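**Student:** One structure is given below, represented as structure tokens, and several questions about it will come after.
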Amino acid sequence: MRKNEISLEFMGKRELDRFPSPGAPDLEFDREDLLAALNGLSWREKQIIEHRYARALRGDCSNCEHTLAELGRKFKVTRARVWQIEQAGLRKMWQHLYKLKIKRK
């Protein structure tokens, strides 16, 4: 993996399994691509993903990733709702990045 690339392993196995693997592009993206996908999300989705995956997005960040319960208290919703918002945001990001990789092939 090159210095400016980010792996999408942080998205979770369940989300990645939804897409076909034969002929699928590799899961390495430039930081700019990932941030562009993040900017395509709603404000709440973006905030939750930034708080949940701070280390993957910002690099070395000790003790800055938050649990579902912590984010639920912050956004005044349940843990389950935070998880649903997170999954919707990850799905949108993955679709954006997948289309981008297909277009570049």
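The values are calculated or read from the model by the stated rules, or taken from the named source; none is laboratory data. Because the structure is a prediction, the values reported are computed rather than measured.
**Student:** Evaluate the following for residue 44: is it at pLDDT below 65, basic (Lys, Arg) and part of a helix (DSSP H, G or I)?
**Tutor:** So residue 44 does not fit the description; no.
**Student:** Mind counting the residues in segment 53-105 that are assigned to a loop (DSSP other than H, G, I, E, B), at pLDDT below 80 and hydrophobic (A, V, I, L, M, F, W, C)?
**Tutor:** 2
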